[in-house]
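Before any comments, here is the structure.
Every number in this text was worked out from the coordinates using simple rules, so none of it is lab data. Given the structure is predicted, the values throughout are model-derived calculations rather than measurements. Ideal geometry is used to build each Cβ from the backbone, glycine not excepted, and the neighbour counts take in all protein chains shown.
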Amino acid sequence: MKEITLIPGDGIGTEVTAAVQKVLTAANQSIAWEIVNGGEGAYQATGQYIPDALLDSISTNKIAFKGPITTPIGKGFKSINVTLRQKYNTFANVRPVKSMEGIKTPFNNVDLVIIRENSEDLYCGIEHLVTEGVAESIKVITEKASLRIGEYAFQYAKKHGRNKVTSVHKANIMKISDGLFLDCIRRVAKKYPEIEYEEVIVDNMCMQLVMYPEKYDVLVLPNLYGDIVSDLAAGLVGGLGLVPGANIGEDIAIFEAVHGSAPQIAGKNEANPTACILSAAMMLDYINERSAADLIREAVAYVIREGKHTTKDIGGNATTEEMTEAICSYIRTVS
Ligand code: NAD
């Protein structure tokens with residue numbers, strides 16, 4: 001039986017990770033979940049925001065499924081998400097964004113994958129007050145991490161039969177830092193002449209995406225632009241409740257939805273479980289359970305297309321549990 005660390009997280013985290021557990025059971029995946037939490041709840045119970053038990057569990061199991069964790073704004077502890085990504089060097093954040101039949105949006109032809117560099121940039125957390133009223137934050141871009149994410153993006157494109165990689169940057173202004181990022185991706189691109197390569201400045205990219213999203217295939221971005229553009233892209237296909245994600249490292253991977261803990265709807269049985277369920281399908285791909293992963297994606301697509309058991313955020317009136325049960329029921333019927 002595969003052991004996987006489960007971090008329920010905050011806000012809607014417990015509701016959407018419970019949905020994942022139910023769906024994987026329906027898909028006959030016998031997983032021994034090792035449940036350990038991090039964040040505020042963990043701090044109250046153990047005195048640690050990231051308890052040793054959580055770190056030990058991820059180090060041993062090498063695979064974790066994570067619910068969203070609340071990070072206080074402008075004060076308090078350092079983001080646990082960022083800390084875990086840095087500690088386990090999960091350098092590539094992979095976020096596939098695809099239009100789904102049954103969801104009304106201005107576009108029905110979005111099919112792109114965001115590959116976000118996950119270990120450095122402004123997320124290094126090196127910031128301080130220079131003097132009262134003057135704050136400084138350091139943006140770190142290294143050749144090593146930029147070449148590594150470039151390689152990952154092109155390898156991903158090759159493996160998944162994708163034709164184009166677009167690097168997104170602001171090297172016209174940050175000539176040295178983003179300039180280094182861009183230079184590294186260009187060097188990698190030369191090794192893959194069969195894959196089209198282009199570069200777009202991040203502000204223009206935002207405009208292009210909300211007008212012509214069909215033009216894009218694989219996007220590779222430094223950490224901060226990757227974070228922002230992912231949410232924008234989620235909006236193109238119906239919102240944050242739908243978009244899955246994976247943090248991939250050399251030998252450790254942490255799977256989680258793009259969305260956060262959505263405190264406004266926490267505890268109301270209203271959260272859309274799709275993003276987490278599709279993240280779990282990515283996790284099954286990762287452990288070579290391809291057919292179960294495909295079945296889960298088929299079940300989600302069916303329930304959304306049918307539109308009878310969908311949550312409020314995508315125009316339905318089902319609860320989280322009802323939508324999850326509809327997905328499980330399809331899986332049980334088909335398998
Ligand atoms: P959020 O993603 O929690 O919510 C943004 C909007 O999307 C809200 O309107 C919310 O209701 C909606 N939404 C998100 N997920 C949904 C779902 N599954 N179903 C239906 N609607 C959904 O972003 P935020 O409000 O900026 O952040 C809230 C907290 O989450 C913050 O503390 C932030 O730091 C944290 N956060 C954590 C992660 C993570 O753990 N990976 C990611 C992003 C934000």
**OP:** Might you let me know whether region 45-64 holds any residue that is of a type outside the set (D, E, K, R) and under 17 Å from residue 277 (Cα atoms)?
**Re:** yes
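Restricting to region 63-81, name every residue that is among the hydrophobic types (A, V, I, L, M, F, W, C), part of a strand (DSSP E or B) and either within 11 Å of the ligand (Cβ to nearest atom) or surrounded by fewer than 20 Cβ atoms within 10 Å (Cβ to Cβ) (or both). Show your work before the answer.
Looking only at region 63-81, we keep the residues that are among the hydrophobic types (A, V, I, L, M, F, W, C), and these are 63-65, 69, 73, 77, 80.
So of that shortlist, the ones also part of a strand (DSSP E or B) come out as 63-65.
Result: 63, single match.
I need the full set of residues from region 89-132 which are hydroxyl-bearing (Ser, Thr, Tyr) and either surrounded by 21 or more Cβ atoms within 10 Å (Cβ to Cβ) or under 20 Å from the mean Cα position of the chain (by Cα) (or both), in order please. Walk me through it before giving the result.
Of the residues in region 89-132, the ones hydroxyl-bearing (Ser, Thr, Tyr) are 90, 99, 105, 119, 123, 131.
Result: 90, 99, 119, 123.
To keep it simple, each residue is scored yes or no on (1) under 26 Å from residue 155 (Cβ atoms); (2) assigned to a helix (DSSP H, G or I); (3) aliphatic (A, V, I, L, M).
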{"position": "239", "(1), (2), (3)": "no, no, no"}
{"position": "254", "(1), (2), (3)": "yes, no, yes"}
{"position": "261", "(1), (2), (3)": "no, no, no"}
{"position": "264", "(1), (2), (3)": "no, yes, no"}
{"position": "267", "(1), (2), (3)": "no, no, no"}
{"position": "284", "(1), (2), (3)": "yes, yes, yes"}
{"position": "300", "(1), (2), (3)": "no, yes, yes"}
{"position": "309", "(1), (2), (3)": "no, no, no"}
{"position": "326", "(1), (2), (3)": "no, yes, yes"}
Original post:
Among 258, 210, which is the only one that is buried (at least 21 other Cβ atoms within 10 Å of the Cβ) and either among the β-branched types (Val, Ile, Thr) or within 13 Å of the ligand (Cβ to nearest atom) (or both)?
Top reply: 258
**OP:** Kindly provide the set of residues from region 158-179 that are within 19 Å of residue 205 (Cα to Cα), in contact (Cβ under 8 Å) with a residue 24 or more places away in the chain and not in a loop (DSSP other than H, G, I, E, B), ordered by number.
**Re:** 164, 165, 166, 167, 168, 169, 177, 178
Original post:
With (1) farther than 16 Å from residue 278 by Cβ; (2) part of a loop (DSSP other than H, G, I, E, B); (3) more than 7 Å from the ligand (Cβ to nearest atom) as the list, and residue 244 as the residue in question, which single condition is left unmet?
Top reply: (1)
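Sort out which residues of region 195-212 are in contact (Cβ under 8 Å) with a residue 12 or more places away in the chain and outside any helix (DSSP H, G or I), and write them in order of number.
Taking region 195-212 first, the residues in contact (Cβ under 8 Å) with a residue 12 or more places away in the chain are 195-203, 205-206, 209-210.
Answer for region 195-212, where residues must be in contact (Cβ under 8 Å) with a residue 12 or more places away in the chain and outside any helix (DSSP H, G or I): 195, 196, 197, 198, 199, 200, 201.
Would you check which residues across region 269-278 are within 9 Å of the ligand (Cβ to nearest atom) and assigned to a loop (DSSP other than H, G, I, E, B) and list them?
Taking region 269-278 and keeping what is within 9 Å of the ligand (Cβ to nearest atom), we get 270-276.
Within region 269-278, 270, 271, 272, 273 meet the criteria.
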Subject >> Candidates 251, 231, 294, 227 - the one that is under 30 Å from residue 38 (Cα atoms) and either among the β-branched types (Val, Ile, Thr) or away from the ligand (no atom under 16 Å from the Cβ) (or both) >> reply: 251
